[in-house]
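**Student:** Here it is, the structure, as structure tokens.
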Amino acid sequence: MAASTTHIVLLPTYNTGPRLCEVVAEALRHWQPVLVVVDGSTDGSELPVIELAKADPALTVLVLPRNSGKGAAVLVGARAAQARGFTHALVMDADGQHPSGCIAKLMDASLRHSRALVLGQPIFPSNMPSERRHGRKLSIALVHFELMGSGVADPLFGFRVYPLAPLLAVLGPRHGGRRYDFDTEAAVRLVWAGRQATPATRSIAPWKTCARYRSFAASAQISPWGTRASATSRSTFATLAISLRWRRPWRNACFKRTIWSPTSTPISVEQS
């Protein structure tokens with residue numbers, strides 16, 4: 001497989017366990033190069049991956065000295081990838097939640113729409129707990145309200161391809177979006193900045209692998225008004241209204257020109 005010179009797979013990881021090495025090997029079979037950012041793991045799961053990187057030039061491992069959060073790890077990886085000349089990064093979870101077999105489809109969509117944020121679309125199984133399902137629906141509805149439309153089909157699913165320069169421009173100088181609020185914060189800010197958000201492919205997302213999702217608590221953390229409001233202000237709609245009022249200059253009318261739907265039907269992909 002010829003390694004891409006523009007698009008790289010980026011895997012942030014924290015105490016993922018033995019599954020990490022398997023996921024990295026699967027990703028390498030479907031795309032090269034791959035960059036793993038170890039976010040201060042303490043379980044030793046990065047050691048086999050470091051050994052794998054010594055034998056495979058398509059794999060790079062960055063080890064951070066302390067845990068800073070998913071968003072922080074992605075941004076470290078994004079800067080490192082950009083410094084190596086890459087323009088786009090596909091971010092995927094290291095626990096196997098995101099099927100490696102879909103990497104090429106997302107990358108192809110990004111190559112065809114290089115200015116866009118390319119989003120994966122999850123298909124959740126029927127055994128997903130109801131509180132988790134409703135928590136997701138609440139968060140997605142709030143993001144759509146924030147964008148005054150459904151320009152981002154699923155702002156929570158982190159399997160996506162980012163254009164690196166715009167991502168670093170909208171989140172790099174900020175203090176927010178460094179933990180599990182990253183996926184939502186990045187999507188909202190990129191759309192506000194005028195980037196298209198295009199769904200590319202659908203994939204099965206087994207809920208049992210989403211170990212760090214905290215139902216409604218996580219929904220509160222990643223809710224759209226949390227991108228700017230303080231933690232104490234998230235509980236009231238009055239504060240939401242105030243925050244929306246002073247945010248208005250950010251949006252102008254950009255959402256009217258950035259909400260875009262592809263002409264092709266998303267492809268349904270079963271996870272192996």
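**Student:** For the subset of the stretch 1-30 comprising residues that are touching a His at 6+ places or on another chain (Cβ under 8 Å) and either among the charged types (D, E, K, R) or buried (at least 21 other Cβ atoms within 10 Å of the Cβ) (or both), which member is farthest from residue 112 (Cα to Cα)?
**Tutor:** So in the stretch 1-30, the residues touching a His at 6+ places or on another chain (Cβ under 8 Å) come out as 6-8.
Remaining after also requiring either among the charged types (D, E, K, R) or buried (at least 21 other Cβ atoms within 10 Å of the Cβ) (or both): 7-8.
Values: 7: 12, 8: 16 Å.
Out of the qualifying residues, it is 8.
**Student:** Sort out which residues of the stretch 122-132 are within 22 Å of residue 92 (Cβ to Cβ) and of a type outside the set (Val, Ile, Thr), and write them in order of number.
**Tutor:** So in the stretch 122-132, the residues within 22 Å of residue 92 (Cβ to Cβ) come out as 122-125, 128, 132.
Listed by number, the residues that qualify are 122, 124, 125, 128, 132.
**Student:** On to the next question. Do you know which residues across the stretch 83-119 are within 24 Å of residue 21 (Cα to Cα) and in a strand (DSSP E or B)?
**Tutor:** Just the residues of the stretch 83-119 that are within 24 Å of residue 21 (Cα to Cα), to begin with: 84, 86, 88-107.
Correct list: 88, 89, 90, 91.
**Student:** Here's something else I'd like to know. Scan the stretch 120-133 residue by residue and report those that are touching a residue at least 12 places away in the same chain (Cβ under 8 Å) and in a helix (DSSP H, G or I). Walk me through how you get there before you give the answer.
**Tutor:** Filtering the stretch 120-133 down to residues touching a residue at least 12 places away in the same chain (Cβ under 8 Å) leaves 120-125, 127-129, 131-132.
Listed by number, the residues that qualify are 131, 132.
**Student:** If you don't mind, another one. Among the residues that make up the stretch 76-83, is at least one of them closer than 25 Å to residue 116 by Cα, surrounded by fewer than 17 Cβ atoms within 10 Å (Cβ to Cβ) and modelled with pLDDT of 95 or more?
**Tutor:** Yes, the conditions are met somewhere in the stretch 76-83.
**Student:** Taking the stretch 39-82 as the region of interest, how many residues are touching a Ser or Thr at 6+ places or on another chain (Cβ under 9 Å) and in a loop (DSSP other than H, G, I, E, B)?
**Tutor:** Of the residues in that region, 5 qualify.
**Student:** Conditions first: (1) touching a residue at least 60 places away in the same chain (Cβ under 8 Å); (2) at negative phi; (3) out of contact with any Asp or Glu (no Cβ under 6 Å at 6 or more places or on another chain). Residue 73 passes all but one, so which condition is the exception?
**Tutor:** (3)
The values are calculated or read from the model by the stated rules, or taken from the named source; none is laboratory data. Quick caveat, the model's predicted, so the values are computed rather than measured. Glycine gets a Cβ as well: all are built from the backbone with ideal geometry, and neighbour counts include every protein chain shown.
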